[in-house]
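Peer 1: Here it is: the structure, laid out below.
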């Protein structure tokens, strides 16, 4: 695509605080955003996440209280909660290796070296010591990809760290599934009159943000 | 843009392990990718990062040893290292508030409520307890945005957690600037014959990854 089209979309986006309840996200756009999320790269390819898509109004409304009262959780079209595994085991690694072997038509035994490297890092090694922290980093890649993809499709969203993971986990029944909420992102189309839509975007200059070596 | 065009780009991308040294990224594309990085959303809009762009061959070569010997660090066109602040102070928050006030033409005093909320969270509050961890999450948003933006412009890259932050910080002189390397992403154009380019992408199915409420 043309560089101008990309940048125009990135400039168009903002953290929408109010969504138009009369204008839900079209199925085709949402399906594509789910596929974009699915295609998100992750460390070792492990995909230690689950994408929870909440469209049930009662559930969205219930989650407002676990979001410091932020109403965009209730008036959005699709509420995305990205959850990550609270534990990553050898079985998870083996499942991923089996999936890789099947997809690529190779014998899973050929992947032993890679398999043991991954186990030695995220199960028994340094990253295993804070596996939720590692998972959250991956979730934020998905968030970044999601926000950019949404902007390109003309869909608004509002990335949020201001929520109670415990509250979300309870309402969504995640703890029993070995998951915890990493980050939340209501999506929809901006409401006319959302006063935040017209505010100038605040970013430091390239000179301030970049260093060249 | 059309959903198919977005998904085609996301399917086209992969973690390139070899870049074509004869085909550096064109200036126009790289400038746009820097602008995309600059526009990345972050928590509270704080942008607790610095983007280090390394094109100096000797420096790239020196960093290979701090990247577990991974050669794409040396043969890429542009090596992106996303660094984050090792500390975030009230002065940082005030600088951001001043920038916001100036950009939006409002009196900085009108932002006191927001200012104190941010200080109460990332300086003196819960997120301040692990400010590098918080910064790294933001860096991964930038990484996700960067990878998607690059794919859309036909630029390859290779996201990497396999490196020594200490080694990078030393070579790049970051510690003295209150920064540490969060994540690294060599970029360029894939070399013909990179055997990873033709491997089928491995992702779990939507059924496995999504839950609908």
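Peer 1: Against the longest principal axis of chain A, how steep is helix A:90-104, in degrees 0 to 90 to the nearest 10, with axes from Cα atoms?
Peer 2: That helix lies at roughly 80 degrees to the long axis.
Peer 1: If you don't mind, there's one more thing I want to ask. Once all Cα-Cα distances of the protein assembly as shown are split into 10 Å bins that start at 0, what whole-number percent is in each one?
Peer 2: 4, 22, 34, 28, 11, 1, 0
Peer 1: Still on this structure, I have one more. From other protein chains only, count the Cβ atoms within 10 Å of every residue's Cβ in A:37-47, then give the mean. Kindly include the intermediate steps, with their values, before the conclusion.
Peer 2: Numbers: counts 5, 10, 10, 6, 14, 3, 5, 2, 4, 0, 5.
Whole-number average of other-chain Cβ neighbours for A:37-47 is 6.
Peer 1: Which values of log₁₀ I(q)/I(0), to two decimal places, follow from the Debye formula for the stretch B:130-185 at q = 0.23, 0.24 Å⁻¹ with a uniform point scatterer at every Cα?
Peer 2: With no solvent term, the Cα-only Debye profile gives -0.95, -1.00.
Peer 1: If you rank B:211, A:170 by fewest surrounding Cβ atoms within 10 Å, what's the result? All intermediate terms of the calculation are to be shown ahead of the outcome.
Peer 2: On the way: B:211 18, A:170 14.
In order of increasing Cβ crowding within 10 Å: A:170, B:211.
Peer 1: Using only the alpha-carbon atoms, how far is helix A:27-38 inclined from the longest principal axis of chain A? Give it as 0 to 90 degrees, nearest 10.
Peer 2: 40 degrees
Peer 1: Scaled to the compact-protein estimate 2.2 N^0.38 Å, what is the alpha-carbon radius of gyration of chain B, rounded to two decimal places?
Peer 2: Normalised by 2.2 N^0.38 Å, the Cα Rg of chain B equals 1.14.
Peer 1: How large is the Rg to Rh ratio of the stretch B:105-154 when both quantities use alpha carbon positions and Rh follows Kirkwood?
Peer 2: Details: Rg = 15.9 Å, Rh = 13.2 Å.
Radius of gyration relative to Kirkwood radius: 1.21.
Peer 1: Residue by residue through B:76-83, how many Cβ atoms from other chains fall within 10 Å of the Cβ on average? Mind showing how you got there, number by number?
Peer 2: Working: counts 0, 0, 1, 1, 0, 2, 0, 1.
Mean inter-chain Cβ contacts per residue within 10 Å come to 1.
Peer 1: Working from Cα positions, state the angle (0 to 90°, nearest 10) between the long axis of helix B:131-152 and the longest principal axis of chain B.
Peer 2: 40 degrees
Peer 1: How would A:146, B:163, A:114 line up from fewest to most surrounding beta-carbon atoms within 10 angstrom? Numbers along the way, then the final one.
Peer 2: On the way: A:146 28, B:163 20, A:114 15.
Ranked by crowding around the Cβ, least crowded first: A:114, B:163, A:146.
Peer 1: A follow-up question, please. Considering the rotational relationship between chains A and B, which residue of chain A contributes the beta-carbon of minimal distance to the axis, and what is that distance to the nearest Å?
Peer 2: Spelled out as residue then distance in Å, it is A:144, 1.
Peer 1: Under the definition of partner shielding as Cβ atoms of other protein chains within 10 Å of a residue Cβ, what is the mean value for peptide A:192-203? The partial results should precede the final answer.
Peer 2: Numbers: counts 0, 0, 0, 0, 0, 0, 0, 4, 5, 6, 10, 11.
Taking all residues of A:192-203 together, the mean is 3.
Peer 1: Ranked by Cβ crowding within 10 angstrom, fewest neighbours first, how are B:177, B:195 ordered?
Peer 2: Working: B:177 14, B:195 8.
Fewest to most other Cβ atoms nearby, the residues stand as B:195, B:177.
Peer 1: Out of A:90, A:62, A:28, any idea which swings most in a Gaussian network model of chain A, alpha carbons joined below 10 Å?
Peer 2: Looking only at A:90, A:62, A:28, the largest GNM fluctuation is found for A:28.
Peer 1: Still on this structure, please answer the following. Please report the relative contact order for chain B, taking Cα pairs under 8 Å with a sequence separation of at least 6, and give it as a percent rounded to a whole number.
Peer 2: On the way: 298 pairs, mean separation 74.6, N = 213.
In percent, rounded to a whole number, it is 35.
Readers should treat all values here as calculations from the given coordinates under stated rules, not as data from a laboratory. Computed from a predicted structure; not experimentally measured. With ideal geometry, Cβ positions are generated from the backbone for all residues, glycine too; neighbour counts draw on all protein chains shown.
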